Amino acid sequence: GAMCGQCHNMRADRNTVDTSLHHSGQTEMLLGVGGYHYEGETYSSGSHKNIENTCAACHMSAPPSGAAGLLGSHSWNMHNAGADSISGTADDLYNTTGCASCHGPLDDFNVNGAQTEIHELTLALIDVLPNEDGEPYTHDNGGHGSAPDPMTDTQLQAAWNAAVVEFDGSGGVHNFVYARKLLVDALQTMGGVAATPVQGDFDGNGKVDFADMFQLIAAWGTSTA
């Protein structure tokens with residue numbers, strides 16, 4: 001994973017909101033860093049960064065039957081759309097081998113609708129920001145990814161988070177908890193409407209854990225609801 005991170009990282013001179021974001025921040029996303037963190041907010045991270053061998057454990061895992069050379073191993077591919085992916089035939093292949101030990105058998109990576117939620121949040125955020133054909137701008141001072149008109153600091157910060165998630169390319173798979181928090185906070189700052197929260201996530205950190213259980217216990221019986 002450290003070898004992968006030598007290339008798949010934000011560049012040192014292009015990792016602040018007043019510069020254009022390099023399209024390779026997968027390492028930062030996996031570790032739960034690199035996004036714009038709003039003051040007073042806590043940014044939790046998913047557990048995928050703790051997987052032994054990180055990137056290689058999933059991207060080089062043994063491909064499913066019939067997908068040798070298309071997925072996993074030295075192809076590094078996690079998804080092969082095939083010729084008939086739109087119709088949903090078996091040619092639309094996903095290498096979920098590395099996911100199975102924790103998540104069990106999977107047909108794709110949209111676990112509990114996580115990718116769907118990240119996609120919807122990203123679209124909602126980009127929609128309230130300057131963009132070009134749905135692609136988020138990351139700064140306004142010239143160069144790649146720059147907006148045609150000056151952006152406010154608030155817009156730049158929110159656009160940075162949209163780009164961090166969008167350019168990661170995994171749709172939240174690498175770090176759903178962190179990606180969702182970046183998008184939700186940016187949306188709220190821009191006055192947008194976030195997707196429906198995770199059911200039972202009372203503290204809004206993108207996951208249901210012991211902190212939510214304690215809040216539920218404390219509130220239990222205090223009202224009819």
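Which count do you get for residues in region 62-79 that are surrounded by 14 or more Cβ atoms within 10 Å (Cβ to Cβ) and over 13 Å from residue 109 (Cβ atoms)?
Looking only at that region, the number is 8.
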Q: Six or more apart or on different chains, Cβ under 9 Å: which pairs go from a residue in region 183-198 that's farther than 19 Å from residue 212 by Cβ to one that's open to solvent by 50 Å² or more (accessible area, probe 1.4 Å) and at pLDDT 70 or above? Could you list them?
A: 186/36; 187/128; 189/154; 190/128; 190/154; 191/128; 192/127; 192/128
(Q) Suppose we keep only residues that are under 20 Å from the mean Cα position of the chain (by Cα) and of a type in the set (Asp, Glu) within region 92-132. Which one would you say is least open to solvent (accessible area, probe 1.4 Å)? (A) 117
Q | Selection status of residue 162, open to solvent by less than 10 Å² (accessible area, probe 1.4 Å), within 24 Å of residue 209 (Cα to Cα) and among the small types (Gly, Ala, Ser) | A | no
Q. What number of residues within region 66-109 satisfy the criterion of being at pLDDT 80 or above and among the hydroxyl-bearing types (Ser, Thr, Tyr)?
A. 6
Q.
Among the residues of region 22-30, are any in contact with a Lys or Arg (Cβ under 9 Å, 6 or more places away or on another chain) and modelled with pLDDT under 85?
A. yes
Q: Kindly indicate which of 61, 24 is over 28 Å from residue 211 (Cβ atoms) and within 14 Å of the chain's Cα centre (by Cα).
A: 24
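The values are calculated or read from the model by the stated rules, or taken from the named source; none is laboratory data. These figures come from a predicted structure and were not determined experimentally. Backbone-built Cβ (ideal geometry, glycine too); neighbour counts: all protein chains shown. We work out accessible area using only protein heavy atoms, side chains counted, and drop any ligands, DNA or RNA first. Shrake-Rupley method; radii C 1.70, N 1.55, O 1.52, S 1.80 Å.
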